[in-house]
Amino acid sequence: MNERLRHEQHFHDEQAQERRQGWEANPALLRFPAEDYLDHEPWVRPALARLGNLQYKRVVDFGCGHGMASTSLARMGAHVIAFDLSSGYVHEAVCRAKSNQVAIEGVVADGAHLPFRDGSMDAIWGVAILHHLELTHAAKEIKRVLAPGGQAVFCEPWGGNQLLELARRYLPYAGKERTADERPLTADDLRQIQTVFPSAELQFVQLSGMIRRAWKNCPLLPMLDRLDGAILRHWLTLRPWCRYVVVHLIK
């Protein structure tokens, strides 16, 4: 394991340990209704829908973190394999699934060296994980483990908006903590992915709606989300100014 991975692992293990103190003292914190994950951002449901019917499918939660996605995928009938570099987060994901009366398989692994057989997975889901990786190699690993016709969807922070980058760097907001090495995806990163998946589909999301990052309860958010949908369909030049990009890969 290289120095960067060791630093990432230590950073996220520390986060997971802090979280563990809370949910071990109050296990009810692990339980959540479906909409808490599916609707926590407006792009989650439509992005997940790109994977199609997941009943009985083998689905990887790529960089599972706290495991809400793993539990949500299992609720859809998938056989879920949740992996993360942090053993603490894998433990939380498995405990969260059990607390919500579903089962998942947890694995500690590095996203650039997936411990799965060639062609063994039907689908992969990941949120804010690709930007931690060397993308050409990671994309080859994703393609290797997907079955023919398998799909992967990743939802990633986008780095094309320089004003947003200044805000990310200097403005305080909840959940800002990140490692020193990570940065949002760039156009060059997307080109690396497209060398492996030439037909990759990209959807840029959250233009005006990105205000929710600083003002979570803004009453105008539903209207802003609808406005973004209309604007981004017609004014393609505004897409690079968005907060997130959804990357859809098909083998």
Self-check item: Matching residues, region 54-71, being surrounded by fewer than 24 Cβ atoms within 10 Å (Cβ to Cβ) and outside any loop (DSSP other than H, G, I, E, B)
Solution: Arg58, Met68
Practice problem: Please indicate, with yes or no, whether at least one residue in region 35-55 is among the hydrophobic types (A, V, I, L, M, F, W, C) and at pLDDT below 95. | Solution: yes
Quiz item: Among the residues of region 92-103, is there at least one that is in a strand (DSSP E or B), over 15 Å from the mean Cα position of the chain (by Cα) and without any contact (Cβ under 8 Å) to a residue 40 or more places away in the chain?
Solution: no
Practice problem: Being modelled with pLDDT under 95, in a helix (DSSP H, G or I) and open to solvent by 30 Å² or more (accessible area, probe 1.4 Å) is the filter; apply it to region 133-167 and report the residue that is nearest to Ala200 (Cα to Cα). | Solution: Thr136
Exercise. Inspect all residues belonging to region 80-91 and state whether any of them is at pLDDT 95 or above, open to solvent by less than 50 Å² (accessible area, probe 1.4 Å) and of a type in the set (Ser, Thr, Tyr).
Key: yes
Practice problem: Search region 15-43 for residues that are surrounded by fewer than 16 Cβ atoms within 10 Å (Cβ to Cβ) and in a loop (DSSP other than H, G, I, E, B) and pair each with any residue that is of a type outside the set (Ser, Thr, Tyr) and modelled with pLDDT of 95 or more when their beta-carbon atoms are under 6 Å apart and the residues are at least 6 apart or on different chains. | Solution: Arg31/Asn100
Self-check item: Odd one out for His7 among (1) surrounded by fewer than 20 Cβ atoms within 10 Å (Cβ to Cβ); (2) modelled with pLDDT of 95 or more; (3) farther than 30 Å from Gly229 by Cα; (4) not hydroxyl-bearing (Ser, Thr, Tyr)
Solution: (2)
Self-check item: Only one of Thr179, Thr237, Thr186, Thr195 that is modelled with pLDDT of 85 or more, β-branched (Val, Ile, Thr) and open to solvent by less than 80 Å² (accessible area, probe 1.4 Å)
Solution: Thr186
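The values are calculated or read from the model by the stated rules, or taken from the named source; none is laboratory data. Predicted model only: the values in this text are computed from it and were never measured. With ideal geometry, Cβ positions are generated from the backbone for all residues, glycine too; neighbour counts draw on all protein chains shown. Ligands, DNA and RNA are excluded from the accessible area calculation, which covers all protein heavy atoms including side chains. Shrake-Rupley method; radii C 1.70, N 1.55, O 1.52, S 1.80 Å.
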